[in-house]
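So the structure is just underneath, and the comments pick up after that.
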Amino acid sequence: MTSLASVTLEVADPTAAHRFYTTAFGLGEPLRLLASESPTTGFRGFTLSLVVSQPADVNALIDAAVAAGATTLKPATKSLWGYGGVVQAPDGTIWQVASSSKKDTGPATREIDEIVLLLGVGDVAESKRFYVGRGFEVAKGFGSKYVEFATGPGSVKLALYKRRGLAKVAGVSPEGTGSHRLAIGSDAGPFTDPDGFVWTAVSQTAAA
């Protein structure tokens, strides 16, 4: 089974970005950083999600991110599916922080249960076929709107969502041009998918 091993964010200032991510989210591997000045405007076509066990952890992570310089795109609130909010890091990456639980069971721990990379794509069915052809196994799907792939131990979960739908979830306009500012590492790389997302072999992905 193919799985996603690492996510490299291309940022203008890797030192500042590293400081933000360790302060706000406590993230190291599998998140990596690479210096880049590639032109990009608007929505970059993806989000990263931090899944936690309870609302208190959502609030703690979002509060830490905002204190470290993030911008709130959607304040944390209850919804039909749970509790969550959306912030944008100083480097421009959009982060969803969410829990399926609507009630706290204890004090906040800021422990992250899962990291999910959501790619906004033009045609979910076409992209699904593309990834299945490269060894990814579908774990769940909802027609032409959403696909989630099976995940190996300790790896980032990969999911596909309609680009406009993902932008709506993130609270931003779907318009955007230029680089995704993202490189995805796996044992299936290198390749570029139908929406221009670049995948690299794990050994080729630069570490922070």
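The values are calculated or read from the model by the stated rules, or taken from the named source; none is laboratory data. Bear in mind that the values here come from a model prediction, so they are computed numbers and not experimental data. Cβ atoms come from the backbone with ideal geometry, glycine included; neighbour counts cover every protein chain shown.
Residues that are surrounded by fewer than 18 Cβ atoms within 10 Å (Cβ to Cβ) and over 19 Å from G185 (Cα atoms) within the stretch 1-37 comprise A12, D13, T15, A16, R19, T22, T23, G26, E37, listed in sequence order. Of the residues making up the stretch 88-114, those that are β-branched (V, I, T) and buried (at least 20 other Cβ atoms within 10 Å of the Cβ) are T93, I94, V97. The residue pairs whose first member lies in the stretch 118-140 and is at negative phi, whose second member is in a helix (DSSP H, G or I) and of a type in the set (A, V, I, L, M), and whose beta carbons are closer than 7 Å, counting only pairs six or more residues apart or on different chains, are L118/L166; G120/L166; G120/A167; V138/V132.
Within the stretch 185-196, identify whether any single residue is modelled with pLDDT under 95 and under 21 Å from L50 (Cα atoms), and answer yes or no. Yes, the stretch 185-196 contains at least one residue that is modelled with pLDDT under 95 and under 21 Å from L50 (Cα atoms). Checked against the criterion of being at pLDDT below 95, farther than 30 Å from A56 by Cβ and of a type outside the set (D, E, K, R), the stretch 144-164 contains one or more residues that satisfy it. Exactly one residue among K157, K140, K145, K128 is under 20 Å from V86 (Cα atoms) and among the charged types (D, E, K, R), and that residue is K157. Scanning the stretch 65-97 for residues that are aliphatic (A, V, I, L, M) and closer than 26 Å to T41 by Cα yields A65, V66, A67, A68, A70, L73, A76, V86, V87, A89, I94, V97. The strands (runs of 3 or more DSSP E) found wholly in the stretch 1-73 and carrying at least 2 residues that are more than 25 Å from S155 (Cβ to Cβ) occupy 40-42.
Is there any pair linking a residue in the stretch 142-160 that is under 13 Å from L118 (Cβ atoms) to one that is part of a loop (DSSP other than H, G, I, E, B) and among the charged types (D, E, K, R), with Cβ under 8 Å and at least six apart or on different chains, and which? Final answer for the pair search is F149/E137.
Of note, R110 does not satisfy the criterion of being of a type in the set (D, E, K, R) and assigned to a strand (DSSP E or B).
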